[in-house]
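Scroll down for the structure; my scribbles are underneath it.
Quick note: the coordinates plus some simple rules give every number you see, no bench work behind them. Computed from a predicted model, the values in this text were never measured in an experiment. Reconstructed Cβ throughout: ideal geometry from the backbone, glycine too, with neighbour counts over all protein chains shown.
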Amino acid sequence: MELIVRLFSDTLVTSLEVAALVVLIAALTRFLGKRLSPAWQYAIWILLLAKIALPLLPGDLDGHLRWIPLPDKIENRMTAGYGGGFLKDGAFISATDDGMISSPSAAGIAGNDSPLPKVDGWRLQDNALKIIAMAWLSGMVVVWLVLLSGHARMVLALRREAELPVPGEIADLFARIREDKGIRSGISLRLTRHASAPALFGMMSPVVLIPQNLLGQLNAAEWECILRHELAHLQRRDIPVNLAAYLLASVHWFNPAVWYGLRRMRIAQETACDANVLRTTGAELKMTYAASIVKLLEIGVPRKAAPVGVGFYGNMKQLKRRMVMIRDYRPAGKRASFVGITILILTAVLMLPSAFAATPAEKQSENSPVELKLAMPTGSKISSRYGYRIHPVTSEKTLNDGIDITGKKGSGITAAAGGKVVHAGYDRTKGNTVTIEHNEIWSTEYRHLDKLSVKEGDEVKAGDAIGLLGSTGGSTGPKLHYSVIKNGEYIDPVPVTTIALGDKK
């Protein structure tokens, strides 16, 4: 469950960035218009898939290339918090298993007999987040099932249907175009009642589906245009691209901008396929190619393609734009190619700004994640958690910037992670205190120690002794005040630290 919540939290941030990228690409392609060739417009839309795929790649590449950082409060509770917890009587539990942040024997601390405050509000927030994360996962599964069921229905329908004979002139034309395009893979041509428009279907054994109702309504030149279009999809590997696009978009099923971007990518894909056909056939088929689209519109062929199939895709307005492109098509020259490459590079740079904005120190910090593990002696118990409280000495409402863990005076205290001791000394309020800097972002602080085992400037490793539990400074009894500092600010240590309340030996 913790993994699902973390994936959901990352998806929310990525989804905002993807929406911004969709707006950027849509505005860019609209502004450039005919100055950008269909192939380059399609290539720019492919960047959308690259952005969605980043969180799924190995490592933390998406974290380095993120535009929108998670707010600290959200990151601490939503992301880093899942994976932290406590050991209660030697067994790992979460911070809210019994509504209290303590061990079963928690009954107050010296000078403070009040029980540990409950965390019902925290529990409600976490439960709500888990419910939302499960709803997200369920929606994603539904999208996958819709895709799978649609494909399965077509496969079953084709298997049950008796094969209809393909007219000899169409079969010969198909074979000639295959040879002309150098296609030697196992692709077949099939006449069927189950296709409403010419389409390429299948990945392992692709087949060009020809609707039976089109027989006798197209001439040889128009058939050639349609067959060349479908075979161009095969050569361009458009079906695998569409499948990947659909699966990636399913992760953001709740975001309409992602589906809009996917639809625009499909339209750009069809236009780029048109340009591919025109480039290989020359001007003699230009008008026939446009006429074949008009003929399909007149026949009344539905214009909606399957999620991952490819065919004559688009609504009436989009098909009209394709016909204008076909009418005005000219092969891209060197200047147009240079412009396309330049725009693609600029768009990629805008898509990944933080990769260029991050300083070397920030990159080094991000590449060194800190795992905090605080091991406390047997008999320890958490007596007070992070948050506002009434101070036991001054009776004033103050922020408790860490957690208090009571225990036997003189027990050993160890470092939660490796790092450099940046402070080791006495403070009238904090008592003997050790502060360890783990990297440029994370530090931990240990207060009220009886004695110090380190000095400022020492390098320590996780588990190294740094002092003894005590009651120095403003402490009302033997305890360790443990704090976590992120980017110079105190945060709740509970979500980001694994705490062992007692030796496992």
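Pairs of alpha carbons in region 141-315 separated by more than 25 Å make up 32% of all such pairs. The modelled label-to-label distance between ARG153 and ILE183, using points 7 Å beyond Cα along the C-beta direction, is 2.6 nm.
Here the label points at ILE131 and ARG389, each 7 Å from Cα along the C-beta direction, are separated by 3.0 nm in the simple model. Nearest 0.05, what FRET efficiency do ASN219 and LEU243 give at R0 = 35 Å with Cβ-Cβ as r? E(calc), rounded to 0.05, equals 0.55. For region 237-252, putting each phi into the Karplus relation 6.51 cos²θ - 1.76 cosθ + 1.60 with θ = phi - 60° gives couplings of 6, 6, 5, x, 5, 5, 5, 4, 4, 5, 5, 5, 5, 5, 5, 10 Hz, in residue order, rounded to whole numbers and with x for Gly and Pro.
Would you work out the charge dipole size for region 141-315 about its Cα centre, treating the Cβ of every Lys and Arg as +1 and the Cβ of every Asp and Glu as -1, and quote it to the nearest 20 debye?
Result for region 141-315 is approximately 520 debye, rounded to the nearest 20.
The listed peptides 167-173, 275-281, ordered by packing as a protection proxy, come out as 275-281, 167-173 (highest mean of other Cβ atoms within 10 Å first).
In the structure displayed, which of LYS420/LYS486; LYS34/LYS286; LYS130/LYS397 lie more than 26 Å apart, Cα to Cα?
In this structure, LYS130/LYS397 exceed 26 Å between Cα atoms.
Here r is the Cβ-Cβ distance between TYR490 and GLU163 and R0 is 51 Å; the resulting FRET efficiency, rounded to 0.05, is 0.10.
Give me the number: length gained by fully extending MET203 to ALA171, i.e. 0.36 nm times residue separation minus the C-alpha to C-alpha distance, one decimal in nm.
Net length gain for the segment: 9.4 nm.
At a 10 angstrom cut-off on C-beta neighbours, averaged per residue, how do the peptides 449-461, 176-188, 373-385, 193-205 rank from highest to lowest?
373-385, 193-205, 449-461, 176-188
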